[in-house]
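*Asks:* Dropping a structure here in structure tokens format, bear with me for questions.
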Amino acid sequence: NAGVTQTPKFQVLKTGQSMTLQCAQDMNHNSMYWYRQDPGMGLRLIYYSASEGTTDKGEVPNGYNVSRLNKREFSLRLESAAPSQTSVYFCAIVRDGAYEQYFGPGTRLTVT
Amino acid sequence: QQQVKQSPQSLIVQKGGISIINCAYENTAFDYFPWYQQFPGKGPALLIAIRPDVSEKKEGRFTISFNKSAKQFSLHIMDSQPGDSATYFCAASETGGYNKLIFGAGTRLAVHP
């Protein structure tokens, strides 16, 4: 997965609980992204980070927060999980100077 | 608003045949068009990509055809193999706009032996 790790691999939450999904890269590339994948809808961008300390909203940011405290890590936080956030979450990176996005293995989240 | 429309939703091809998946986009500012392959339980893997300055790009059995005037692009898989059975996603982005990918809904390909 191009040096992108995601934790946890699976998670089950109850409605209203909070959690943080972690993404880490083994290089120091600037651009990192969070997507969610739902059946029949492809992947949709939640948030992205163009560099350490900067973040911006994508297509579907509501209900999520992100943090890019250093170059290696980009975390996605659900403050109060809802069943509509049941999805598979993917982190992606872009190598500096390139266009290609490389995805991590994903976190499968179920909210009951 | 779906900016990238992908068809068909599912496709069955016999081994050795040609698989064709089509995508259409709306935003004329898009200038990067990748295709991803995804196996169950795995993350999407970049397969091949094209910029609008060329009309075709080939890598092994995989070819992208690009029609800028029609705002369409397609993936052709020649000599399809059972190991190609996966879900394929087209995507598009503006490389000058932080390269935020807009994905199609995906095509589930099954290659029968």
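All of the numbers you see were taken from the coordinates with simple rules; none came from a lab. This structure is a prediction, so every number in the text was calculated from the model and none was measured. With ideal geometry, Cβ positions are generated from the backbone for all residues, glycine too; neighbour counts draw on all protein chains shown.
*Asks:* Taking the Cα atoms of chain B alone, what are Rg (to one decimal) and Dmax (as a whole number) in Å?
*Replies:* According to the Cα coordinates of chain B, Rg and Dmax are 13.5, 43 Å.
*Asks:* Across peptide B:99-111, what mean number of C-beta atoms from other chains lies inside 10 Å of a residue's C-beta? All intermediate terms of the calculation are to be shown ahead of the outcome.
*Replies:* Numbers: counts 10, 9, 12, 6, 8, 3, 6, 6, 0, 0, 0, 0, 0.
Per residue, the number of nearby Cβ atoms from other chains is 5 on average.
*Asks:* Would you mind counting up the charge near A:ILE46? Only other residues with Cβ under 10 Å from its Cβ, with Lys and Arg at +1 and Asp and Glu at -1. If you can, show how the numbers build up before the last one.
*Replies:* Working: positive: A:ARG36, A:ARG44, A:LYS57; negative: A:GLU59.
Value of the local net charge: +2.
*Asks:* Can you list the trypsin sites (Lys or Arg not before Pro) in segment A:1-49 that are in a DSSP coil and have 11 or fewer other beta carbons within 10 angstrom?
*Replies:* Working: sites: A:LYS9, A:LYS14, A:ARG36, A:ARG44; in loops: A:LYS9, A:LYS14.
Listed in order of number, the matching sites are A:LYS9, A:LYS14.
*Asks:* From the C-alpha coordinates alone, can you work out the Kirkwood hydrodynamic radius of the protein assembly as shown, in Å? Before the final figure, lay out each step's value.
*Replies:* Working: mean 1/r = 0.0556 Å⁻¹.
Mean inverse Cα-Cα distance, inverted, gives 18.0 Å.
*Asks:* Counting residues in segment B:63-113 as N, plug N into 2.2 N^0.38 Å and put the Cα Rg over that result.
*Replies:* Numbers: Rg = 13.6 Å, N = 51, 2.2 N^0.38 = 9.8 Å.
Ratio of Rg to 2.2 N^0.38 Å for segment B:63-113: 1.39.
*Asks:* Here is a follow-up. Past the 17 angstrom mark, what percentage of all C-alpha to C-alpha distances in segment A:63-111 do you count?
*Replies:* Numbers: 545 of 1176 pairs.
Value for segment A:63-111: 46 percent of Cα pairs lie more than 17 Å apart.
*Asks:* If you don't mind, there's one more thing I want to ask. How do B:THR28, A:THR20, B:THR63, B:THR107 line up, fewest other C-beta atoms within 10 Å first? Walk me through the intermediate numbers first.
*Replies:* On the way: B:THR28 10, A:THR20 14, B:THR63 18, B:THR107 22.
Ascending Cβ contact count within 10 Å gives the list B:THR28, A:THR20, B:THR63, B:THR107.
*Asks:* Excluding A:ASN28 itself, calculate the net charge of residues whose Cβ lies under 12 Å from the Cβ of A:ASN28, where each Lys or Arg counts +1 and each Asp or Glu counts -1.
*Replies:* Details: positive: A:LYS71, A:ARG72, A:ARG95; negative: A:ASP26, A:GLU52, A:GLU73, A:ASP96.
With Lys, Arg at +1 and Asp, Glu at -1, the neighbours total -1.
*Asks:* How big, on average over all directions, is the shadow cast by the Cα convex hull of chain A, in nm²?
*Replies:* Convex hull of Cα atoms, orientation-averaged projection: 6.3 nm².
*Asks:* Which residue, A:SER51, A:PRO8, A:ALA98, has the largest displacement toward the positive end of the dipole of chain A when charges sit on each Cβ (Lys, Arg +1; Asp, Glu -1)?
*Replies:* A:PRO8
*Asks:* May I ask you to list the residues of segment A:1-38 whose amide nitrogen lies under 16 Å from a point 7 Å from Cα along the Cα→beta-carbon direction of A:ASN65?
*Replies:* Only A:16-22 pass the distance filter.
*Asks:* Given the C-alpha atoms of segment B:28-93, compute the convex hull and give its volume per residue in Å³.
*Replies:* Details: hull volume 5.4 nm³, N = 66.
Normalising the Cα hull of segment B:28-93 by residue number yields 82 Å³.
*Asks:* Calculate how many DSSP beta bridges within chain B are antiparallel, expressed in % of all such bridges and rounded to the nearest 5.
*Replies:* On the way: 35 of 40 bridges.
Percentage antiparallel, nearest 5: 90.
*Asks:* For a distance above 13 Å, tell me the whole-number percent of Cα pairs in segment A:21-64 that qualify. It would help to have the intermediate numbers written out before the result.
*Replies:* On the way: 559 of 946 pairs.
In whole percent, the long-distance tail amounts to 59.
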